[in-house]
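Take a look at the structure set out below.
Taken together, the values in this text are just the output of simple stated rules run on the coordinates, not laboratory data. Predicted, not measured: the structure shown is a model, and the values here were computed from it. All Cβ positions, even for glycine, are placed from backbone atoms using ideal geometry, and neighbour counts span all protein chains on display.
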Amino acid sequence: MDAKITVLPLLQMASGDTLSLQHYCFVGAHAGKVVYVQSNLHGAEVAGNGVIHRLLTYLNTLEATALHGEIRLVPACNPIGVNTRAHNFGSGRFNPYDGHDWNRIFWDWEQEHHGARAFAEKHQDSDRATIQQAYRQFIGQHFQAELDALNSPVGRPVHERYRTRLQQLALDADIVIDLHTSSNQGLVYTYYFRDRADAVPYFDLDFAILLDEFDGNAFDEAFMNPWLELEQAFADLGRSLRFDVEAWTLELGTGMKLEALAVERGTKGVLNYLRQQGVLQDDKDIFHQPVPLSRTSQLTKYYATAGGFVQNRAAIGTWVKPGEVLYELLCLNKTGQLPTTVKVAAQQAGLVYDLSTNEAISEGEYVMAVMVPD
């Protein structure tokens, strides 16, 4: 099965060069779900590019009859972020033009229009498939105003031009998978949305985090929030509905690295999940691996209480108990005294899942994070 490859112009630079995206689309012989997969939205988080390459390689070996629906793949989906450097270090988490986090800028129809309740009231007696199709079209009609704004004589800022062109590729999808890594050192896990935990065991993960607190207009949140709000609107009207729409952000290890194991696990998990969803029917076995579940409100990030150098820090993947030493700070001083050591203990039991790359830490800077399971 061959992919249809499209080069999509994104932004023209002052130099005359045009930044572009390359979009790979596989269309199956059978109707089915539309799946959108992208990588490298944050510039230093590169492992997803390895996953997409492996997905491309595997899908090329299949016959179209093995695919029910459509799979769209967009590697290096943020060329500005990917190419942002500070000396040898990839940063690219923040837009250099305005300081926005590249993954907190996306258009959320429900957040802007608050129309889920009114829509639900008009469709109380419709079946789920009809509602889902009508709502998708409704969102698309409103999104057209975002597209039209790109041609306005007054122009649009960089982040709006970028987000609109990227979101256009996924707006009509049934499944969105956004491939990230830690910006530092991290494990392999996913963020998921309410009522979607039943699919978590089909990814190859260390744990999963329920988004019970939204951090902003992230790509997955902007895609899912209108659907979650519509489900809630129907629930408030006394009707229980769960639409066949899902979004996932997979975190695949350490920033600035294509860790071989993380890439392998990411590829394995995505393919297995697509089999479970009925998108891939390639006669491969489907695995089911329950993992610890947590939620964003139960994540604890530790910030340095003094300036110093991190030493004897708990290794990533370590389960800790309250009172156990998480790390030590070797603190210098300008008071004519010898250096001192400050020990920092865990406040709760949990899993060490993220560590700062830099071990020279000023007061208030991020050191590590611990996940508390449900």
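Remarks
- Looking at segment 140-194, the trypsin sites (Lys or Arg not before Pro) that sit in a DSSP loop and have at most 14 other Cβ atoms within 10 Å of their own Cβ are R194.
- Contact order relative to length of segment 64-205, as percent, for alpha carbon pairs under 8 angstrom and 6 or more apart: 16 percent
- Neighbour counts of other Cβ atoms within 10 Å put H42, H123, H113 in the fewest-to-most order H113, H123, H42.
- (1) 34, 22, 18; (2) 37, 22, 20; (3) 36, 25, 23, with the label sought being that of the calculated semi-axes √(5λ) of the Cα gyration tensor in Å: (3)
- Ignoring lysines fewer than eight residues from K321 along the same chain, the ones with Cα atoms less than 17 angstrom from its Cα are K301, K343.
- Theoretical gain in end-to-end length, A118 to L19 [0.36 nm per residue, Cα-Cα removed]: 31.6 nm
- Highest-first packing order for the peptide set 251-259, 328-336 is 251-259, 328-336, based on the mean count of other beta carbon atoms within 10 Å.
- In segment 1-94, Cα pairs under 8 Å separated by at least six residues give a relative contact order of 34 percent.
- When each of the peptides 234-240, 213-219, 176-182, 295-301 is scored by how many other beta carbons lie within 10 Å of its residues on average, the order from highest to lowest is 176-182, 213-219, 295-301, 234-240.
- Cβ-Cβ FRET estimate between T318 and A3, R0 fixed at 45 Å, reported to 0.05: 0.65
- With contacts taken as Cα pairs under 8 Å and at least 6 residues apart, the chain reaches a relative contact order of 17 percent.
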